[in-house]
1. Going by amide H atoms built from the backbone, whose H comes under 5 Å of the H on B:Phe233, apart from near neighbours?
2. Given R₀ = 25 Å, FRET efficiency for A:Ser176-A:Thr81 by Cβ-Cβ distance, to 0.05?
3. Report the FRET efficiency, 1/(1 + (r/R0)^6), for A:Asp122 and A:Gln68, where r is their Cβ-Cβ distance and R0 is 30 Å, rounded to 0.05.
4. Residues of A:196-202, mean number of Cβ from any other protein chain within 10 Å of their own Cβ, rounded to a whole number?
5. Express the relative contact order of chain B as a whole percentage, based on alpha carbon pairs under 8 Å and six or more residues apart in sequence.
6. Would you please give the residues with an amide H less than 5 Å from that of A:Val13, counting only those at least 5 places away or on a separate chain, with H modeled from the backbone geometry?
7. In nanometres, what is the gap between the two model label sites at A:Trp141 and A:Glu232, each 7 Å from Cα along Cα-to-Cβ?
8. Using 24 Å as the Cα-Cα cut-off, could you pick out the over-long pairs in A:Lys69/A:Lys243; A:Lys66/B:Lys4; B:Lys4/B:Lys50?
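Just so you know, all these numbers are worked out from the coordinates, no wet-lab data involved. In this text the structure is predicted, and so the values were computed from the model without any measurement. Positions of Cβ are backbone-derived with ideal geometry, glycine not excepted, and every protein chain shown enters the neighbour counts.
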Amino acid sequence: MKEIKLWDANVRVGRSLAGARAAVTGVDEILKALDHYGIEKALVWHIAQFEYSASEGNRLVRQLVKNQKRLVGCWAVLPPTTGENGEYFFDRMKENNIAALRFFPEQHRYLLRRRVFGEFLDQVVARRIPVLLSVKWGVTWPVIYDLLEEYPEMTCLLCDLGIWGLNRYTWPLVSSFPRVYLESSLLSLSDGGLEATVKQFGAGRVIFGTGFPERYADAAILDLLHAPLTDEEKNLIAGENLKRLLAGVKL
Amino acid sequence: MKRKSLLREEFYKQGYLSDTPVYDLHGHMGPVAGIHLPFCEPEAMVQRMKTSGVRKLVFSHHAALMAPDIGNRASQESVERYPDFLRAYLAFNPHYPGVFHRETDGWETGKKFFVGLKLLSDYHRVCLSDERYRLAWEFADSLRLPVLLHTWGGSGYDGPEQVRLVAGRYQQCQILLGHSCHGDWQEAMALVKDFPHVYLELCAVLDERGILEEMVRRVGSERIIFGTDFPWFSYPYYIGAVLDADIEDQDRVRILSGNALRLIPSLKD
Ligand SMILES: [Zn+2]
């Protein structure tokens, strides 16, 4: 396969308070890494959104992606009742090149459900804003299942799918909810993870991600590049699916 | 930012390395309770090895580890079918030493199939240094066999303290630290520094960027063995991680290929 256009849905920036072997910080460093791996565009979040403060972390993301053509930001969300998300949330997303949301219910100590998010999440669903839920960063399977029961049309990207194959958790969701997608960085770690998923659901439901800088980007890229899939399927996973989702966001 | 790697370029182009046959010293086979493994039968596994340029896999069938009623026969049957691609570890469950006697009594025939031992203490819930393992350790030591251990940081069964005890006691065998005492990387590296017959092994290590670089710096690439838990983990992913690491190509060749052959020369057959 000659040309593959990579859009990476799972890049984390910033230094962890607990220290890290691998961190990328400034825009230059991130763009340099994307060049090295041949990644055209990346959806980024900041570790401070999780470890320090959702709003301050959101500010760091905003500064990072503002006016960047190759970076798009994810914001972290808190329960609307405490007012910490600020006013005109969706307008500010648009102004600041933010196109997706992340939720960290364990770390931020709230329940991710209709009782807490009510109409806010109805808006997120109606605006087709991708909601990134990471198993690694504390979103549990019962929470994901219950949330989708309450918001079945939610555009949802399940990220960092365990280091051991999780098809028994993920496949029922992909088969029940039409706008659930699987991020590939750890799906690719599982032998045959991409191949089996595509065989079951088609290539439209998997979205490429690397988990960089925490994980080796070449690993996820090479698993996709050499998977026994057609070029068309690879291109959908590599970038077309994410491109389509981001283009569909109404802010 | 990164040094150039010809091996990386080659793998990007074709999905295998022409002059560096890969030897994987940590594999399994067959279904397993906690995971849907879509391609876990020997036919599919061998096909996938070929595609990624993996010359041989040394494995222990999940049945040999998890189902004493089936045992090592499952491993042996697959090696018989695919002798060009597979060798097995004889799994030893300390709760059933009788099974082991039966298998090791036939070692002269067994050694065509089995190249070492596999101990899974965390799962069998017996400490590596426990008296019940003595039989296995003495057997491996007397034949100078490689012993692949499941090792995990913080485990009282097969964490670094337990490894240190048995590494001191049994010095003729070669001890492969499966998963490199996962999480307790510093202790695993200290063990390799302290004992010339102890090696790091990369299964479940490569999903975190930067540890391999640290290992190469501290203990040298000669002491690092490539392993994947295949068919759990993907070859393009795992080989890709080694190719992405900020180390030299000569380190990669040792890790993917040379070290395994030095440990088990018969894998070349
Ligand atoms: Zn294993």
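1. A:Asp191
2. Working: r = 29 Å, r/R0 = 1.18.
Rounded to the nearest 0.05, the efficiency is 0.25.
3. Details: r = 30 Å, r/R0 = 1.00.
The formula returns an efficiency of 0.50 here.
4. Details: counts 4, 1, 0, 1, 1, 0, 0.
Average neighbour count from other chains, rounded to a whole number: 1.
5. Details: 490 pairs, mean separation 51.4, N = 269.
It comes to 19 percent, rounded to a whole number.
6. A:Trp45, A:His46, A:Ile47
7. 3.4 nm
8. As for pairs spanning more than 24 Å Cα to Cα, those are A:Lys66/B:Lys4; B:Lys4/B:Lys50.
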